[in-house]
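S.K.: Dropping the structure in here first, questions after.
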C-alpha cells in the first residue's frame, strides 16, 4: 500500500519537474527553466550520494570532491579544446558533452575508489571526518594550483555541445539534464532491487551479520561508493555547463553538506528523496533569498526542525514509512 | 639566516599545533564522552573571536576581551547543548552531522547579521607586542610565543583536570561506560552540558588568540574545524593525548611543508615553478599524512579501545 | 571412529585479568548434537564467538573440516560451511524474512556483484529461500519484516538462513530463547531431524531440550570445560552438580 502510494508521489514529482519548465519556456520565462535545470542537476548529484548514504548508510561528507572533479573535467577539457593545446601534452580537449561525461565518470570514479579504499577501512565518525578531509585536500589543491584558474576558477566561454541539440538554449539543456537525472534514478532503482543492492543494504542494517553469511561488506561498499562518486561526478560536469563556470567552491565542504541536506530534506534512501530535496532547496533559496539576504539563517532553522522533528523527510510525509518487500 | 628562518618556521608550526590542540581537545572530549560529532565547534571558535574583538574594541582592553571570549563561547556552547545537542545523543551520526551543520548556518548568518560582513580587527595587547631574539639572530613575535605558552598551560591543566579531579573522574567514567555513571547517581545531563561548555570555552579561547594575528570574520572557524578533524582522526577519536600529538604533528608538518617543499622542488626546477608545485603539494601534505597513518592504524595513533 | 568436523583444542581467550576461555578443547562429530551448557557468564558466547570468528583467541587452534581456520574471517568461515545463529540480532531487520534468506542464497551462489536484475523476480534466489523457510515452518510469514517477527520466529529465521547457506555444521546460540512451549517442542523435533544433515554445537539454557537432543554435553564453568559426556554422565557428575547448584549441593 505504502509502496504504491510512493510510486504515485514519485510519478507526480517527475511529471511536475518536466511540466513546469516546458510551460515556463512556452511562456517565455526562461529564468524558471534555469531554476528547474539547477534542481535536476543538484538532484542527480544527490541521487549519486544517495547510493552510498541511503542504501549503504555511508555518511560521506566529501561528495563535493566528485561533484567538483566532474565540474573541472568539463572546464579543463573545454579550455583545452578552445586553446588547442593538448592536455598533458597528448590528450586533445573536447567540447562534446558525451565525451566529457565519460571522462568525468572515469575521473570521479577513480578518485572515489582511492578515497573509499582508505576511508572504508574505518566506520562511523571516522568515515565522516576522513571523507571530509580528503575532499578538503582536493579543494586546497584546486585553490593553490594556478594552471586552471586557482582561486578565480575557470570559465567555459560557450556551453559544451551535444550532437543534434542546441545546448545554448535553456530548454534543450534542461531536457539533457532531466534525461540524465532520469537515468540516474533508474540506476538507483535497479541497484536497490538487485543482488548488489541487497548486500549493500544488508551491510548497512547489520554489518557483522552480513559478513557472517559470507558477504564481505568492504568490497560491496567500495564498489557502491565508487558508483556513487561517478554519478555525482556527471552531475558536476552538468553543473559547470549550467553556470559556464567552475571554481573551487564546487569542491568546498559546504557543497558536501548541501548534498547531504538535499537527501535528508527529501527522505534518506527514498528514490525521489533527492529530487524533492533539491526542488525544495532551490525554491527556498530563491524564495527566501528574495525576501532576505540572510536566507541561510532561516534555512538552518528549517533544517534543524526537519532533523529534530520530521525524520523521514518530505517523501516520508507524503508517502508514509519506507517499506521493503 | 637559514637556521633562524628554520627556527622561526618551527615555532610557527608549534603555534599552529597548539591552537589546533585547543580545538581538537574539545572535539575529542565531546566525542569521547557523549559520542557526538560536533561541527558547531568551528562556530564556537568564531564566537570567541568576535566576542574578544567586540569587547576589546568597546573597553580598549584585550584582556577583558579574552575573558569575554571564554564566557561567550562557554555560554553559547551551553545554550546550544541545552536546546539542540542533547536531543542528538541517541541519534545516528547522520542526524548529528546535519543538525550541527544547520547550526553552523545559523551561527554564521547570525554573526553576519550582528556584525556585518566586514572583518573586525583585534590588536595584540601592548604587553605582548614586542619581539624576542632567537638564537641565530632572528626576531620572533612575543605574542606567538605567548600562544604556545597558553597551549602548554591548557594541556597541563586538562591533564590535571582529567586525572586528578572529581569532574575528570566522571569524564573518564563517562567515556568507558555511559550507563554506569548514571547508575552511580551522577547527574549525566549536567555533566554533558559542562563538558560541552568546557570544549566550547577552549575553542573560543583559540579563536580569540588567533583573532589577534588574523582578521576576525565569519567562516574563520571552518578551515580550523576541518584541520581539527584531521588531528583527532590521526590521534584517535576520544583520546586527549592523541589530540595533543596529532595537533603538534599536523601543525609542524603543515608549516614545515609549506616552508621546505618549495625549496626542495627548487633544487630540480626554476624558482617560480617550484613555488607553485611545492605550494600545491604542501597544501595536501597533512591529508597525505593522515592517509598514511590510517593505512597503518585505521583508528588513529592512540585509539581508545572498543 | 569418525573424524570430527569441528575441533577446538587448547583455546585461550582473556579480557585483561579475566580468562573467559581457559584452555578449552572440544569437538563436534558428524551426525551429533553436542550441547554446551553452563551458568551465566561461563564464557559460552565468547567461545562461540571465537569459533565463528568474531573474536580472536589468544592461543589454541580451531580446525574445521580438517583445516585450521584461526586466520579466516567470519565471512570465509561461513563460506566453508560453518553456520551460526545469533542470540539477539537479525540479519537485516528491515528486510522481509524471505529477503533475509535470499541474502544467504545469494552468498552461496557467490554473486553479490550483479547490479541490474531485480532479486524478487529471480527464481534462483526466491525458490531455495522459500524452501528453507518452509523447512523451518516460517513460509507463512515470508513477507513480514524480520524486525516484526516474534522472538521465536526470528530463531526459526536464523536457522533457515543457516540452512540456506548449506552449512556443514551449525553453531546454534540459544535457539529456544523466547519461544513458547509449543514452539520449543516443534523446534526440538526439527533439530532432531537436522542433525543427520549438519551436526550442531548447541548453546541452550532449556535443559529439557538439551537432555532430549544432546548426544554429548560439555559443561563450561568460568571458562573451563569441567566435564564432557553423555546425558547420563553429566546428570550424575558431582562437579557439575556443584557448579550448577553451588553451595546447596
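S.K.: Out of (1) under 18 Å from residue A:253 (Cα atoms); (2) within 10 Å of chain B (Cβ to nearest Cβ), the odd one out for residue A:121 is which?
M.R.: (1)
S.K.: Does the range A:279-301 contain any residue that is crowded, with 24+ Cβ neighbours inside 10 Å, in contact (Cβ under 8 Å) with a residue 40 or more places away in the chain and either in contact with a strand residue (DSSP E or B) (Cβ under 7 Å, 6 or more places away or on another chain) or over 30 Å from residue A:75 (Cβ atoms) (or both)?
M.R.: No, there is no match, as no residue in the range A:279-301 is crowded, with 24+ Cβ neighbours inside 10 Å, in contact (Cβ under 8 Å) with a residue 40 or more places away in the chain and either in contact with a strand residue (DSSP E or B) (Cβ under 7 Å, 6 or more places away or on another chain) or over 30 Å from residue A:75 (Cβ atoms) (or both).
S.K.: Which pairs have Cβ atoms under 7 Å, sit 6 or more apart or on different chains, and link a residue in the range C:36-61 that is away from chain A (no Cβ under 14 Å) and surrounded by fewer than 17 Cβ atoms within 10 Å (Cβ to Cβ) to one that is at pLDDT 90 or above and assigned to a loop (DSSP other than H, G, I, E, B)?
M.R.: C:61/C:70
S.K.: Then there's this: Test residue C:148 against the stated conditions and say whether it is modelled with pLDDT of 85 or more, within 14 Å of chain A (Cβ to nearest Cβ) and over 18 Å from the mean Cα position of the chain (by Cα).
M.R.: So residue C:148 fits the description; yes.
S.K.: Could you tell me which residue of the range A:261-282 is nearest to the other protein chains (Cβ to nearest Cβ), considering only residues that are at pLDDT 90 or above and in a loop (DSSP other than H, G, I, E, B)?
M.R.: A:271
S.K.: Looking at the range C:112-134, is at least one residue more than 22 Å from residue A:51 (Cα to Cα) and within 18 Å of the chain's Cα centre (by Cα)?
M.R.: Among the residues of the range C:112-134, at least one is more than 22 Å from residue A:51 (Cα to Cα) and within 18 Å of the chain's Cα centre (by Cα), which makes the answer yes.
S.K.: Which of the following residues is over 15 Å from residue B:298 (Cβ atoms), more than 9 Å from chain B (Cβ to nearest Cβ) and not in a loop (DSSP other than H, G, I, E, B): A:171, A:143?
M.R.: The match here is A:171.
S.K.: Oh, and also: From B:31, B:101, which residue is within 14 Å of another protein chain (Cβ to nearest Cβ) and modelled with pLDDT under 90?
M.R.: Answer to the check: B:31.
S.K.: Picking from C:67, C:76, C:134, C:94, which residue would you name as being under 30 Å from residue C:31 (Cβ atoms) and facing chain A (nearest Cβ under 9 Å)?
M.R.: Result of the check over C:67, C:76, C:134, C:94: C:76.
S.K.: Right, something else. Picking from A:293, A:258, A:285, which residue would you name as being assigned to a loop (DSSP other than H, G, I, E, B) and within 14 Å of another protein chain (Cβ to nearest Cβ)?
M.R.: So the residue among A:293, A:258, A:285 that is assigned to a loop (DSSP other than H, G, I, E, B) and within 14 Å of another protein chain (Cβ to nearest Cβ) is A:293.
S.K.: Now for a different question. Quick one: how many residues across the range C:136-157 are closer than 14 Å to residue A:209 by Cα and in contact with a strand residue (DSSP E or B) (Cβ under 8 Å, 6 or more places away or on another chain)?
M.R.: Of the residues in the range C:136-157, 1 are closer than 14 Å to residue A:209 by Cα and in contact with a strand residue (DSSP E or B) (Cβ under 8 Å, 6 or more places away or on another chain).
S.K.: Yes or no: residue A:137 free of Cβ contacts under 8 Å to residues at least 24 places away in the same chain, under 22 Å from the mean Cα position of the chain (by Cα), closer than 30 Å to residue B:276 by Cβ and buried (at least 21 other Cβ atoms within 10 Å of the Cβ)? I'd like the intermediate steps shown before the answer.
M.R.: On the way: free of Cβ contacts under 8 Å to residues at least 24 places away in the same chain: yes; under 22 Å from the mean Cα position of the chain (by Cα): yes; closer than 30 Å to residue B:276 by Cβ: yes; buried (at least 21 other Cβ atoms within 10 Å of the Cβ): yes.
So residue A:137 fits the description; yes.
S.K.: Is it true that residue B:253 is modelled with pLDDT of 90 or more and either in a loop (DSSP other than H, G, I, E, B) or crowded, with 22+ Cβ neighbours inside 10 Å (or both)?
M.R.: No; evaluated as a whole, the condition is false for this residue.
S.K.: Can we say residue B:44 is away from chain A (no Cβ under 14 Å) and without any contact (Cβ under 8 Å) to a residue 40 or more places away in the chain?
M.R.: It is false that residue B:44 is away from chain A (no Cβ under 14 Å) and without any contact (Cβ under 8 Å) to a residue 40 or more places away in the chain.
S.K.: For the range A:306-323, indicate whether the set of residues that are free of Cβ contacts under 8 Å to residues at least 40 places away in the same chain and touching a helix residue (DSSP H, G or I) at 6+ places or on another chain (Cβ under 6 Å) is non-empty. I'd like the intermediate steps shown before the answer.
M.R.: Quick first cut of the range A:306-323, residues free of Cβ contacts under 8 Å to residues at least 40 places away in the same chain only: A:308-311, A:317.
After this cut, where a residue has to be touching a helix residue (DSSP H, G or I) at 6+ places or on another chain (Cβ under 6 Å) as well, the list is A:308.
So far as the range A:306-323 goes, yes, one or more of its residues are free of Cβ contacts under 8 Å to residues at least 40 places away in the same chain and touching a helix residue (DSSP H, G or I) at 6+ places or on another chain (Cβ under 6 Å).
The values are calculated or read from the model by the stated rules, or taken from the named source; none is laboratory data. Model, not experiment: these values are computed from the prediction. Note: ideal-geometry Cβ built from the backbone for every residue, glycine included; neighbour counts use all protein chains shown.
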